[in-house]
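One structure is given here, and the rest of the page talks about it.
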Amino acid sequence: MRVYNFSAGPAVLPEEVLKRAAEEMLEYGSSGQSVMEMSHRSKEYQAIIDSCEASLRKVMNIPDNYKVLFLQGGASMQFAMVPLNLMKKGRADFVITGQWATKAYKEAQRFGTANAVASSKDKTFSYIPELDESKFDKDADYFHICLNNTIYGTRFPKLPETGNVPLVADMSSCILSEPVDVSKFGLIYAGAQKNMGPAGLTVVIIREDLICDFPEDSKVPTMLQYKTHADNGSMFNTPPTYAIYILGLVLEWIKGKGGLTAMKEINEKKAKIIYDFLDNSSMFKATVQGADRSLMNIPFVTGNEELDAKFVAEAKKNGFVNIKGHRSVGGMRASIYNAMPVEGCEALVRFMADFEKNN
Ligand SMILES: *Cc1c(COP(=O)(O)O)cnc(C)c1O
């Protein structure tokens, strides 16, 4: 029996997608083989990656002057690849809103001057700090944010105004959860394993003018140059073929649901079910307040570590798994990505109400 999986990532996938993948496991179309077994240079596979990219462009409304790259190495690889490719003058601004944002900031320091314009570390990253635009570096190569903070359950309620400085966003845990105006960004990156598909695939959406040439004798590895992948349709080497295929199915599923506008509506409804319960509970409490609350990751606590542990254990027995909070925050966290159905959120809240009554 399938459980309700609240994992922060790798995370739940739509059941329809898994069923379709199962049907096509042994033979994709009339190819006589599984997608996993196909040459990435085959006509059949080229059609799969092309249609995945076309779907992503359609679903996210990606302008023509942006390239879509299917890479590996996770979002963590982008912490290095972004500065390697974008730090021309050697300066970038960062907003420190959590562990991933901090890692991106620290990694960039290897390549140039990373400037922290604001941080919410003083309160365990439980809010998005006010941004003082006068502190922004007008000549920075880029301005980096982590749009949704997976561990702490915050998200930027609005985008920073960075003028001509390209905005770079780690969207690993919120991509495809609601519409975003891609033209407001210079570069967007996301590990697939939160809201897009299985682990092993990283999607980069980059404005073409930010893709630079490197000199012949550059020390930047070929594989870490965006140009390598842009010039070769993400086929310079073997891409994560199966993960791209699954992303294609996930995008078809999203289209069938009505696209990102519909996803947003459903996600707001799901989040409201849980936040409303937390705001009215005398046992459970959300750790984030107001407009900074994430739609995707909802951390909460009872205030008593033993009770938290008991809740996590009983939840698991009742089919609500991976609900333990990140080790740096403690408590619980319900990650409710696109593939978590409304019923999963309703069932969780019913279970929490019962637990509250009995404890
Ligand atoms: C999970 C996550 C990462 C790390 O992703 P990897 O693919 O494991 O490198 C980075 N940033 C955010 C916001 C995440 O949620």
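The figures follow:
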{"item": "Solvent exposure of the chain as accessible area per residue, Å², 1.4 Å probe", "result": "45 Å²"}
{"item": "Packing-based order for 231-243, 189-201, using average beta carbon neighbours within 10 Å, highest first", "result": "189-201, 231-243"}
{"item": "DSSP beta bridge pairing in the chain, given as percent antiparallel to the nearest 5", "result": "55 percent"}
{"item": "Cα gyration tensor shape for the chain, rounded if a/c is under 1.5, else prolate or oblate", "result": "oblate"}
{"item": "Integer Hz, Karplus 6.51/-1.76/1.60 couplings in order for the stretch 58-70, x for Gly and Pro", "result": "5, 5, 8, 6, 7, x, 5, 8, 10, 9, 10, 10, 9"}
{"item": "From phi via Karplus (6.51, -1.76, 1.60), per-residue ³J(HN,Hα) for the stretch 203-219 in Hz, x at Gly/Pro", "result": "9, 10, 10, 10, 5, 4, 5, 8, 8, 9, 7, 10, x, 3, 8, 4, 7"}
{"item": "Among the listed pairs Lys43/Lys257; Lys19/Lys255; Lys158/Lys264; Lys285/Lys357; Lys123/Lys285, those beyond 19 Å (Cα-Cα)", "result": "Lys43/Lys257"}
{"item": "Within straight-line cross-link reach of Lys106, aspartates and glutamates at Cα separation under 17 Å, skipping those fewer than 8 residues along the same chain", "result": "Asp93, Asp141, Asp170"}
{"item": "C-alpha center-to-center spacing [the stretch 144-183, the stretch 79-140] in angstrom", "result": "13 Å"}
{"item": "Helix-only mean residue ellipticity at 222 nm for the chain, each DSSP H run of n ≥ 4 adding -39500 (n - 2.57), per residue, nearest 500", "result": "-11000 deg cm²/dmol"}
{"item": "Mean separation of Cα contacts under 8 Å (6+ apart) over length of the chain, as relative contact order %", "result": "23 percent"}
{"item": "Ranked packing of 74-81, 252-259, 17-24, most packed first, by mean Cβ within 10 Å", "result": "74-81, 252-259, 17-24"}
{"item": "Equivalent ellipsoid semi-axes, the stretch 1-118, via Cα gyration tensor eigenvalues times 5, rooted, Å", "result": "36, 21, 13"}
{"item": "Net charge contributed by nearby residues that have their C-beta within less than 12 Å of Lys285 (K/R +1, D/E -1)", "result": "-3"}
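The values are calculated or read from the model by the stated rules, or taken from the named source; none is laboratory data. Just so you know, these numbers come straight off a predicted model, no measurement behind them. Note that we place each Cβ from the backbone using ideal geometry, even for glycine, and neighbour counts take in every protein chain shown. Accessible surface is based on the protein model in full, side chains and every heavy atom, while ligands, DNA and RNA are left aside. Shrake-Rupley method; radii C 1.70, N 1.55, O 1.52, S 1.80 Å.
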